[in-house]
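Structure first, commentary second.
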C-alpha cells in the first residue's frame, strides 16, 4: 500500500500483511501453468492444452497478443478519452468546455468513485453481488473528489478498442470456449489510476442461470481482459482458481473465514503490456484499491454461448430487462462485424476471423461513417445474463 495509510487500521501491520499477501499470491499464480502465447493445432484450432488449463483454473493469460503498434493506437485513444471526461461528476462539459464524453448517451457509460474507495462492496448495487466491502485506504490530500474508474460501451468512444475486439486470435479463443456461434455480452474500459484507482469487491458475475437445471461451468460466459500497460499483484484482478465450478459461493463466509478480504486461495493476474487474459465470469474475483505507482488500463470484452442467451430474459444489470431473441442477438452481434472490418482496414495483412453467423448469413457488416454513427448507445443491446 506504499505510502498511503489504510483507514481504520494500523498502517505498519496492514502494510506488512498486504505486501506478504502480494508476494505469496504472485508465487501461487506462476505455479498454475495457465499462461503462454496463443497456440494452435495443425488443424487451426486453439491448442487443447490451453483449453484444459482454462477449464481447470477458470482463467488463462495469453502473452504478447497485442503488438506495439496497436498498443500505441490504444494509448492515443485513451489519452483522448481521458481528456474528454466530464470536468467533475455531474458535469456535461469537459475541462475545456466541450461536451463531455458520454454526456449525450442514454445507456450507462461513466462510473464514478471516491479515490481508493469501494463503490459497490456492501451495497445492494448490481443485485447485491458484492456483499463485502474492501478496505478503503486514505488517498493523498490533493486527490480529486471523484474519479472515473469504469467506462461502459467503450467501443463507441475508441476505434482502437473496437479493432482489438475483432482480433482474430481473440475471436478464435471465443469460438473455442463458447462455440462458433458465440455472442457478445458487454464491453468496458477499467481504469486503475496510480494512488487513486477504486477497488472492486469480491463477487461472481452472472444473474440468470445459477439455479438452472442445466447450469454448468460455462453458463455465464467469460470476459477478455486486454492489458494496455500490464498489471501487477498490487493493481490487477485477483481470482480464486477453480471457483467457476462451485456454483453460487457464500462470499461473506469466505471473507469471515479468511479474517480479512485477503482470500488465501486467490491469485493475481500478472500481465505485461499487450497480454490478454480470459476469465470465467463465475469465478470468485475482485481487485484491491490501486495504491501502487503503476497504471492499469484494461479493455474488457465479454462473450457468451448462444444457447445461454437465446430465449433468456436478461439480468437487467447492464441494460433494461427483456427476452433475447434472434433479432436482438443479431443486432448486438453486428458490432463484431464492425470490429472485424475496422481491423481489416487498419491491418490489411491479417486474415480476418470467419465469424460463423456472418459466414452462414452472408451478411458482413462494413465499418464506415454510417456504422460509426450507429454505434452510439450500442450497449443498450448488451446481452446481460
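The values are calculated or read from the model by the stated rules, or taken from the named source; none is laboratory data. From a predicted model like this one, the values you see are computed outputs, not experimental measurements. Cβ placement follows ideal geometry from the backbone for every residue including glycine, while neighbour counts extend to all protein chains displayed.
Of note:
- The lone criterion from (1) in a helix (DSSP H, G or I); (2) in contact with a helix residue (DSSP H, G or I) (Cβ under 7 Å, 6 or more places away or on another chain); (3) loosely packed, with under 13 Cβ neighbours inside 10 Å left unmet by residue 333 is number (3).
- A search for C-beta distances below 6 Å between a residue of segment 372-385 that is on the phi < 0 side of the Ramachandran plot and touching a residue at least 40 places away in the same chain (Cβ under 8 Å) and any residue that is assigned to a helix (DSSP H, G or I) and surrounded by fewer than 17 Cβ atoms within 10 Å (Cβ to Cβ), counting only pairs 6+ apart in sequence or on different chains, returns 381/331.
- Check on residue 346, farther than 20 Å from residue 182 by Cβ and in contact with a helix residue (DSSP H, G or I) (Cβ under 7 Å, 6 or more places away or on another chain): yes
- Condition check for residue 20: closer than 17 Å to residue 258 by Cβ and surrounded by fewer than 15 Cβ atoms within 10 Å (Cβ to Cβ): yes
- Selection of segment 360-385 for residues being within 23 Å of the chain's Cα centre (by Cα) and in a loop (DSSP other than H, G, I, E, B) yields 375, 376, 377, 382, 383, 384, 385.
- Looking only at segment 131-155, residues that are under 22 Å from the mean Cα position of the chain (by Cα), closer than 17 Å to residue 192 by Cα and touching a residue at least 60 places away in the same chain (Cβ under 8 Å) come to 7 in all.
- Strands (runs of 3 or more DSSP E) wholly inside segment 38-156 that include at least 3 residues being closer than 25 Å to residue 185 by Cβ and out of contact with any helix residue (DSSP H, G or I) (no Cβ under 8 Å at 6 or more places or on another chain): 110-113, 147-152
- Residue 264 meets all of the listed conditions (1) out of contact with any strand residue (DSSP E or B) (no Cβ under 8 Å at 6 or more places or on another chain); (2) in contact (Cβ under 8 Å) with a residue 60 or more places away in the chain but one, namely (2).
- Tally of residues being crowded, with 20+ Cβ neighbours inside 10 Å and touching a strand residue (DSSP E or B) at 6+ places or on another chain (Cβ under 7 Å) across segment 56-73: 7
- Residue that is modelled with the highest pLDDT, among those in segment 115-131 that are farther than 20 Å from residue 89 by Cβ and touching a strand residue (DSSP E or B) at 6+ places or on another chain (Cβ under 6 Å): 130
- Pairs linking a residue in segment 76-88 that is in contact (Cβ under 8 Å) with a residue 12 or more places away in the chain to a residue that is surrounded by 14 or more Cβ atoms within 10 Å (Cβ to Cβ) and assigned to a helix (DSSP H, G or I), with Cβ atoms under 9 Å and 6 or more positions apart or on different chains, are 76/160; 77/159; 77/160; 77/161; 78/160; 78/161; 81/154.
- Residue count for segment 305-314, restricted to those that are part of a helix (DSSP H, G or I) and in contact with a helix residue (DSSP H, G or I) (Cβ under 9 Å, 6 or more places away or on another chain): 3
- Of the residues making up segment 345-359, just one is in a helix (DSSP H, G or I), under 26 Å from residue 69 (Cβ atoms) and without any contact (Cβ under 8 Å) to a residue 60 or more places away in the chain, namely 345.
- Picking from residues in segment 24-37 that are in contact (Cβ under 8 Å) with a residue 40 or more places away in the chain and in a helix (DSSP H, G or I), the one that is surrounded by the fewest Cβ atoms within 10 Å (Cβ to Cβ) is 30.
- Answer from 158, 186, 212, 199 - the residue that is more than 26 Å from residue 49 (Cβ to Cβ) and free of Cβ contacts under 8 Å to residues at least 60 places away in the same chain: 212
- Residue within segment 38-47 that is over 28 Å from residue 272 (Cβ atoms), surrounded by 13 or more Cβ atoms within 10 Å (Cβ to Cβ) and touching a strand residue (DSSP E or B) at 6+ places or on another chain (Cβ under 9 Å) present: no
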